[in-house]
1. Closer than 23 Å to residue 62 by Cβ and in a helix (DSSP H, G or I): which single residue out of 138, 164, 160 fits that description?
2. Which condition breaks for residue 5 when tested against (1) at pLDDT below 90; (2) surrounded by 14 or more Cβ atoms within 10 Å (Cβ to Cβ); (3) closer than 19 Å to residue 162 by Cβ?
3. Working only within the stretch 278-312, note down all residues that are within 15 Å of residue 242 (Cβ to Cβ) and in a loop (DSSP other than H, G, I, E, B).
4. Tell me the residue from 41, 74 that is among the aromatic types (Phe, Trp, Tyr), at pLDDT below 95 and out of contact with any Cys (no Cβ under 9 Å at 6 or more places or on another chain), please.
5. Please find, among 187, 199, 169, 182, the residue that is open to solvent by 40 Å² or more (accessible area, probe 1.4 Å), modelled with pLDDT of 95 or more and closer than 25 Å to residue 156 by Cβ.
6. Could you grab me the full set of residues in the stretch 55-73 that are within 26 Å of residue 328 (Cβ to Cβ), outside any loop (DSSP other than H, G, I, E, B) and in contact with a strand residue (DSSP E or B) (Cβ under 9 Å, 6 or more places away or on another chain)?
7. Among the listed residues 59, 83, which satisfies the condition of being closer than 27 Å to residue 293 by Cα, in contact (Cβ under 8 Å) with a residue 60 or more places away in the chain and not acidic (Asp, Glu)?
8. Looking at the stretch 117-126, can you tell me whether even one residue there is open to solvent by less than 10 Å² (accessible area, probe 1.4 Å) and under 24 Å from residue 201 (Cβ atoms)?
Amino acid sequence: MPGPAAGTAHAATTADVVCLGESMVTFLPSQPGRLADVPSFGRGIGGAESNVACALAAAGHRAAWVGRVGADGFGDHLVETIAGYGVDTSAVRRDPGRPTGIYFRTATDRGAGAHEVAYYRAGSAASAMSPSNVPYGEVFAGRILHLSGITAALSADCLELLRELTAPRQGRPLVSFDVNHRPHLWRGGDASVLLELARRADLVFVGEDEAEEAWGIVGAEAIRAALPEPAVVVVKRGSAGATVFSGPRPGPRSSNAGGAESGPVSRSMEGAGAGNAPDTVTHVPALHVDVVAAVGAGDAFAAGFLSATLRGLPVRDRVRHGHLMAAAVLTVPGDLTEPPTRDHADRLAALDDGAWGRLRLGPGWTAADRAPEEVRTS
């Protein structure tokens, strides 16, 4: 199947971040309990990449979402809702022969044994994305292209598409890849392909738990050893926080790696030097959060980190902005919420280590732009 035409990656930059992947209509339970017992559901949207795009747009960045939905009412709802966050959806394609994916979930934490999710996405419009039907001009029109491993699991065509998008080529945007290992999507498949895709990216987000489950790799240092190529590897460690490895890549994979027009993005992604220079390792503790629902936090963390990367902030502050964006989502029932204002988040991210460690954020903490000393502490 054909990939991007020569020169496509040189499309004019029209977005800060382009996010490509499946978005679905999600049905949220009206009360806790088994799916069999929940009497009614509220409608929302869910999708790792569209979540990142919505959060970035809400934070004031130019964000675009590229996807494929059915020519149906659920597709209308997705496109209209995502566009309502300020995201450019002009590159979304409608498929008249396949439906928009939907899913139902319980109110419990995804990691809890009682958590249930019922997906109706087999044969969805998004699963038909392939190298032959994606608008490459729009996909490569951002300073950063954000992808996730969920797309790779949807179909053989989707996997081939991600291989095309992560392939080295002149003019490729900086590629951000969230591993996002979902075991139920890989039943009968080989999740080791996620390691292949991650190694072709410039910036990788991966959880310690998913690296162990998908690849049998244990510990942050071992994860970095398995991912030597990306300039930045962000290892999410749950309540222990996040560890970032930033260092040199073996060789440039995009013409923007050090170009002036990339601005703070390229500078923040540059390694420590050439040759075998060691990584810079940065560990940032997690926040204390009164969790309402543990869904969408990983996407919000990625959005916060990318937002700070676009602004050229130091690594510690990039991670702190990731934690703050995640805390905003963790304190609401759904996958998306209004993030803290930039000034508010900047003040919190600038706290000294002691004050950062004492923060405790609960529902409503983003509603008022409060000074750091007014934020509830533990």
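The values are calculated or read from the model by the stated rules, or taken from the named source; none is laboratory data. Please read all numbers here as calculations on a predicted model, not as lab measurements. With ideal geometry, Cβ positions are generated from the backbone for all residues, glycine too; neighbour counts draw on all protein chains shown. In case anyone asks, the SASA skips ligands and DNA or RNA and just uses the protein heavy atoms, side chains included. Shrake-Rupley method; radii C 1.70, N 1.55, O 1.52, S 1.80 Å.
1. Working: 164 fails: closer than 23 Å to residue 62 by Cβ; 160 fails: closer than 23 Å to residue 62 by Cβ.
Answer to the selection: 138.
2. (2)
3. Matches in the stretch 278-312: 279, 285, 286, 287.
4. Working: 74 fails: at pLDDT below 95.
Just a single option satisfies the conditions, and that option is 41.
5. Values: 187 fails: modelled with pLDDT of 95 or more; 169 fails: modelled with pLDDT of 95 or more; 182 fails: modelled with pLDDT of 95 or more.
Going through 187, 199, 169, 182 in turn, just one is open to solvent by 40 Å² or more (accessible area, probe 1.4 Å), modelled with pLDDT of 95 or more and closer than 25 Å to residue 156 by Cβ: 199.
6. Here is the first cut: in the stretch 55-73, the residues within 26 Å of residue 328 (Cβ to Cβ) are 55-67.
Next cut, outside any loop (DSSP other than H, G, I, E, B) only: 55-58, 63-66.
Of everything in the stretch 55-73, those that are within 26 Å of residue 328 (Cβ to Cβ), outside any loop (DSSP other than H, G, I, E, B) and in contact with a strand residue (DSSP E or B) (Cβ under 9 Å, 6 or more places away or on another chain) turn out to be 55, 56, 57, 63, 64, 65, 66.
7. On the way: 83 fails: in contact (Cβ under 8 Å) with a residue 60 or more places away in the chain.
Criteria check complete, one pass: 59.
8. Quick first cut of the stretch 117-126, residues open to solvent by less than 10 Å² (accessible area, probe 1.4 Å) only: 124-126.
Filter once more, keeping what is under 24 Å from residue 201 (Cβ atoms): 126.
So far as the stretch 117-126 goes, yes, one or more of its residues are open to solvent by less than 10 Å² (accessible area, probe 1.4 Å) and under 24 Å from residue 201 (Cβ atoms).
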